[in-house]
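Q: Got a structure here, written out as structure tokens. Questions coming.
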Amino acid sequence: MSNDNHPGGSNDNLRAVTEDDAFNAAQAAGVGLPIRDSSELIKAAAVVLDQPISPAEIETALRTAYVTLPLNSPADLLLACNRILDVKLGEGGGGGENV
């Protein structure tokens with residue numbers, strides 16, 4: 001179910017979310033930077049992506065993401081959210097290494 005008030009505007013535009021959009025969505029979810037654990041990331045990503053996020057999706061996304069917790073910047077948050085979106089879309093098996 002899409003919410004036109006989330007940063008991407010609709011599920012078709014989730015890749016158009018900017019670092020500022022992701023940061024503002026995290027703040028709206030009551031989560032500030034740095035994001036230190038997966039429970040904070042679940043809250044922030046659910047608002048950024050406008051859909052529920054499971055702990056398993058977070059685990060898979062972080063295992064194959066180019067960022068790790070803690071997420072210290074809006075850029076890190078956006079990279080994590082894009083990787084979570086990949087996982088939700090079934091593109092979660094492979095990917096990058098944690099750096």
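Derivation of every value follows stated rules applied to the coordinates shown; laboratory data play no part. As the structure is a computational prediction, the values presented were derived from the model and not from experiment. Cβ: placed from backbone, ideal geometry, glycine included. Neighbour counts: every protein chain shown.
Q: Pull out a ≥ b ≥ c, the square roots of the eigenvalues of the alpha-carbon gyration tensor of the range 11-88, then state rounded if a/c is under 1.5, prolate if not and a/b is larger than b/c, and oblate in the remaining case. Write out the running numbers ahead of the final one.
A: On the way: a/c = 1.28, a/b = 1.04, b/c = 1.23.
Rounded, since a/c falls under 1.5.
Q: On to the next question. Within 13 Å, Cβ to Cβ, of residue 72, how many net charges do the neighbouring residues add up to if Lys/Arg are +1 and Asp/Glu are -1?
A: Once all neighbours under 13 Å are counted, the net charge is -2.
Q: Taking amide H positions as placed 1.01 Å from N in the peptide plane, with prolines and chain starts having none, which residues 5 or more places from residue 69, or on another chain, fall under 5 Å of its amide H?
A: For residue 69, no residues qualify.
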